[in-house]
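Just so it is clear, none of the values below were taken in a lab; they were calculated from the coordinates. Nothing here was measured: the structure is a model prediction, and the numbers come from that model. Note that we place each Cβ from the backbone using ideal geometry, even for glycine, and neighbour counts take in every protein chain shown.
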Amino acid sequence: MELGRQIRDYRLTTAEILYHLPDHPGVLQTYIWQDLDLAPSYPVLHRFLDFWSRSLDGRLHSVRVASVDLITPGECRHGTTMTLQ
């Protein structure tokens with residue numbers, strides 16, 4: 001399943017989510033979320049953030065997102081030639 005999603009251009013996506021602590025709204029806490037997702041729309045992340053907003057305490061402050069392709073073209077490097085005696 002994971003390989004199938006990667007072939008369909010899903011990328012490893014990491015989100016740094018800052019949210020307000022429910023009991024201390026002036027204090028921010030960090031949550032790191034990671035999953036395979038489609039850039040640039042990020043539907044999996046949006047579903048998670050919708051769930052967070054509906055179900056969890058702690059109002060969202062900001063979200064920073066980074067993603068990287070997991071399947072990339074191969075790279076060929078030429079090494080040095082050795083002379084054997």
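Given Arg47, Arg59, Arg11, Arg54, which one is among the basic types (Lys, Arg) and in contact with a Phe, Trp or Tyr (Cβ under 9 Å, 6 or more places away or on another chain)? Walk me through it before giving the result.
Working: Arg47 fails: in contact with a Phe, Trp or Tyr (Cβ under 9 Å, 6 or more places away or on another chain); Arg11 fails: in contact with a Phe, Trp or Tyr (Cβ under 9 Å, 6 or more places away or on another chain); Arg54 fails: in contact with a Phe, Trp or Tyr (Cβ under 9 Å, 6 or more places away or on another chain).
Just a single option satisfies the conditions, and that option is Arg59.
Do any residues in the stretch 35-47 that are under 11 Å from Ala15 (Cα atoms) and touching a residue at least 12 places away in the same chain (Cβ under 8 Å) have Cβ atoms under 9 Å from those of residues that are among the aromatic types (Phe, Trp, Tyr) and assigned to a strand (DSSP E or B), where the two are at least six apart or on different chains, and which pairs are they?
Partner pairs satisfying both residue conditions: Leu45/Trp33.
Please specify each residue of the stretch 21-63 satisfying the condition of being loosely packed, with under 10 Cβ neighbours inside 10 Å and among the basic types (Lys, Arg).
Arg54
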